[in-house]
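Down below is the structure, laid out as structure tokens.
The values are calculated or read from the model by the stated rules, or taken from the named source; none is laboratory data. The structure presented is a predicted model; accordingly, all values stated were derived computationally and were not measured. As a convention, Cβ positions derive from the backbone with ideal geometry for all residues, glycine included, and neighbour counts pool all protein chains shown.
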Ligand code: URA
Ligand code: ZN
């Protein structure tokens, strides 16, 4: 039984060079006069404050493929499906975006081909570029032997994933049977976390902001009829769908009771949330608990759930801890949620990903 990690990030060397060349979000701070200080990654506005702890530590585990392979072997992971970490290429100027996307995707493809059978990837689209250039990159990604779809944030072309301007992209992804791995980055406005949010580290934005961002994005896709127009478009939702499995019933009830939608004729011939959860949506198993996983299994199906780690985010806080708590809790949750059904556990730990993402050697 192969173990496959479908949620694992990198900033490939080409992307790191870009981050190091910048002084605005996103960027990497280096301290040439104090090499022991290490580099720091600044990707969120809340991290870009004048305090000395500006940004988060970033080491070679973010860009060195050997670190990824050693993490995999320590945790008995056979295959990783790499994705560029947030904020991807969302922030690039339109005229250089397509060229940069080609370089980044080629850099990742090179890593995968140097470790045949162990590494695959979701590509990254130049979403700030003109639509024809974005679609051209989708067409090109299909020809890269280790690429299996694309990773995307919730901003789309800048106004969300319910934007009708995304239709040519959705059409192309559907035509090529390329999955979207939908991942949060922007969170919620910091004001929702209240005046003492800074006392609580990154817990509120990461534990709540990320999943709610994903839930809002996917609900907007649903409300705008993306899956009515593209009935075969496949989306893998990060963090077990944010809160979608838990809230699907409430979303469905609010739609069914909405007078505005009824008046607009939008309640006729629409596919409901449950149908889309079982036919279009896949969920990763990055939720760290049996309770969350059981909701994911009930909503979408054990045949659509795929193990992930979110490496290299959430490293152990204490030095010398070789086995990562984040990985241990995810795989323990898969095994308890499968309650003795070893076929189900194998499906979630790897067999589903091999089948769905065509990872056979
Ligand atoms: N923090 C991030 O910025 N991205 C992740 O994927 C996880 C944590
Ligand atoms: Zn992630």
| task | Output the qualifying pairs, or none if there are none: Cβ atoms under 7 angstrom, residues six or more apart or on different chains, first residue in segment 84-106 and under 10 Å from residue 124 (Cβ atoms), second residue in a helix (DSSP H, G or I) and within 15 Å of ligand 1 (Cβ to nearest atom). | result | 84/15; 104/15
| task | Please work out if residue 236 is in contact with a strand residue (DSSP E or B) (Cβ under 6 Å, 6 or more places away or on another chain) and under 26 Å from residue 188 (Cα atoms). | result | yes
| note | The condition from (1) assigned to a helix (DSSP H, G or I); (2) closer than 14 Å to residue 10 by Cα that residue 122 misses is numbered (1)
| field | In segment 16-28, residue surrounded by the fewest Cβ atoms within 10 Å (Cβ to Cβ) [restricted to those that are within 16 Å of ligand 1 (Cβ to nearest atom) and under 30 Å from residue 192 (Cα atoms)] | value | 25
| request: Could you look through segment 176-191, keep only residues that are touching a helix residue (DSSP H, G or I) at 6+ places or on another chain (Cβ under 8 Å) and over 30 Å from residue 358 (Cβ atoms), and pick out the one that is farthest from ligand 2 (Cβ to nearest atom)? | output: 190
| said: So, in segment 192-211, how many residues would count as being surrounded by 16 or more Cβ atoms within 10 Å (Cβ to Cβ), farther than 17 Å from residue 43 by Cα and more than 13 Å from ligand 2 (Cβ to nearest atom)? | reply: 3
| message | Please verify whether residue 61 is closer than 26 Å to residue 23 by Cβ, within 16 Å of ligand 2 (Cβ to nearest atom) and assigned to a helix (DSSP H, G or I), treating the condition exactly as stated. | response | yes
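Yes or no, residue by residue, for (1) within 16 Å of ligand 1 (Cβ to nearest atom); (2) over 26 Å from residue 4 (Cβ atoms):
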{"residue": "130", "(1), (2)": "no, yes"}
{"residue": "143", "(1), (2)": "no, no"}
{"residue": "152", "(1), (2)": "yes, no"}
{"residue": "158", "(1), (2)": "no, yes"}
{"residue": "161", "(1), (2)": "no, no"}
| remark: In the set 293, 305, 277, the lone residue that is surrounded by 14 or more Cβ atoms within 10 Å (Cβ to Cβ), under 19 Å from the mean Cα position of the chain (by Cα) and over 23 Å from residue 150 (Cα atoms) is 293
| message | Restricting to segment 114-154, count the residues that are crowded, with 20+ Cβ neighbours inside 10 Å and on the phi > 0 side of the Ramachandran plot. | response | 1
| Do any helices (runs of 4 or more DSSP H) lying entirely in segment 235-294 carry at least 1 residues that are modelled with pLDDT of 95 or more and within 16 Å of ligand 1 (Cβ to nearest atom), and which ones are they? | none
| Which one is surrounded by the fewest Cβ atoms within 10 Å (Cβ to Cβ), of the residues in segment 72-98 that are within 30 Å of residue 351 (Cβ to Cβ) and within 15 Å of ligand 1 (Cβ to nearest atom)? | 86
| said: If a residue must be in a loop (DSSP other than H, G, I, E, B), more than 16 Å from ligand 1 (Cβ to nearest atom) and modelled with pLDDT of 95 or more, how many such residues does segment 296-341 contain? | reply: 3
| task | Show the residue pairs that are 6+ apart or on different chains and have beta-carbon atoms under 6 Å apart, the first residue being within segment 199-220 and under 22 Å from residue 158 (Cβ atoms) and without any contact (Cβ under 8 Å) to a residue 40 or more places away in the chain, the second being away from ligand 1 (no atom under 12 Å from the Cβ) and assigned to a helix (DSSP H, G or I). | result | 215/244; 219/251
